[in-house]
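Values quoted throughout were computed directly from the atomic coordinates according to the rules given, and no laboratory measurement underlies them. On a predicted model such as this, the values are computed, not experimentally measured, just so you know. Because the Cβ atoms are built from the backbone with ideal geometry, glycine has one as well, and the counts that use them run over all protein chains shown.
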């Protein structure tokens, strides 16, 4: 029988529940078990694709094209498993499927009720993922916190699974311990309240992960242990640390993996966090830095980090591999539109990244930044929109097509070097936006004279996409003759995937999102080559 571990939040959200769930998967893998991770979001959205990144965080794209919560990125980076739509469940998906089945008489004429039919559909999806991944242990993270009304049906699904198989279902609560500045000591009352709230749903936690600014004190462990009737060894300290990649190592200092397996009635098959521990230690010792500027938008909102988390982590992975500590500067492109003299600040950078995004706002400033990088030989990496920006800038400033643009940014441009994908015209016209872009993994072939081929060391690659607009093949020969190398192509769809500026140390744009496939122990080859060039520039 497979084992199931539900990870729930107590007290407050955004304290690292996703990283904790990913770390549990990482640790159990290191003990020799096949693990799957699932994220359950309470949103009525069918997927995360229509939610603003500045509000909800990055939209992470799975191999099959699912637009999911950013925690799936953590799962992939920590476990190296490939996530698909089976690893992501939302309230919208669940209700949509139950209503579809009801309309098709798949309930045999019975009345369809919120309980048990909604929880049963959640359970069905969890078990489907276990089967797809051939997992021995499934780690299921619930978004939000236990006190939220919208979480009740997911908690009920977990309770039903526990009731049916009590020896195979377990609960981890990630709860915050505040330290009021005027008191100077940790307080466990909010966590005690969260535990009792979980109890009211018919669930008792098996483990408490105590998030705090400092390690949990012994007296707090004792108090929480008493409240939830757990051995103190199951109250795990989870203090703030240097890097998220310290989390599994930190948990193992308290033998968390061994305790989890013993609680589930399992034995470790091996014990090997050696590479992960080595990385964790290495990160702290790196002193030399490389300075990377991210030129984009969404910078006036609450969190640049959540909006571009995969880009940031890909920069980290590549920099650490080259024994550099990345310093990331957030550069709002709109200020370059207001005053081009501010482009001079790009001179202090070792490299520039223009990430993905949608809409016209700030794009003229990005185009100016791309031209500045070209003229001043600053390493430039364009991701999706950043590739299109590179192409537009090259067409304007090298070929003299002054009004060159994308039809997304100016539908009336006379030189649409970036245009609407043919299969997207009707979709946009009918406002069918959800889940309708070019999504997921597609193959590409690389030109052997390209920087990209040198980085990958292979001709055939596969990368993940999320876009509606593409390089306009009508301009391919003109741009190529002008010095824009077509470095990667999807021959089946006749789509340009990578462009490079000839004669530049490193000016590369990808229509895909390479950041989704970067791993801490295996940096993405394009990011690593970009960082290497940036280091040489310094």
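So the values come out like this:
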| quantity | calculated |
| --- | --- |
| The chain: calculated mean residue ellipticity at 222 nm from DSSP helix runs of at least 4, using -39500 (n - 2.57) | -11000 deg cm²/dmol |
| Gain on full stretching of the segment that runs from residue 167 to residue 423 - 0.36 nm per residue minus C-alpha separation | 87.1 nm |
| Least to most buried among 390, 273, 152, 182 (fewest other Cβ within 10 Å first) | 182, 152, 273, 390 |
| Spatial extent of region 3-280: Rg and Dmax, with the Cα atoms as the point set, Å | 18.5, 62 |
| Kirkwood-type radius of region 99-254, with distances r between different C-alpha atoms, in Å | 17.8 Å |
| Beta bridges by DSSP in the chain, antiparallel share as percent, to the nearest 5 | 35 percent |
| Proxy reagent accessibility, fewest Cβ within 10 Å first, across 437, 387 | 437, 387 |
| Amide N of region 1-40 lying under 20 Å from the label point, which is placed 7 angstrom from the Cα of residue 148 along Cα→Cβ | 5-23, 37-40 |
| Residue order, fewest to most beta carbons within 10 Å, for 533, 510, 489, 478 | 478, 489, 533, 510 |
| Three-way shape label, region 286-338, alpha-carbon gyration tensor, a/c 1.5 | prolate |
| Shape of region 87-183, Cα gyration tensor, a/c cut at 1.5 | prolate |
| Simple spin-label estimate for residue 277 and residue 219 in nanometres, 7 Å along Cα-Cβ | 3.3 nm |
| Tensor-based shape of region 494-538 (alpha-carbon gyration tensor, a/c under 1.5 rounded, otherwise prolate or oblate) | oblate |
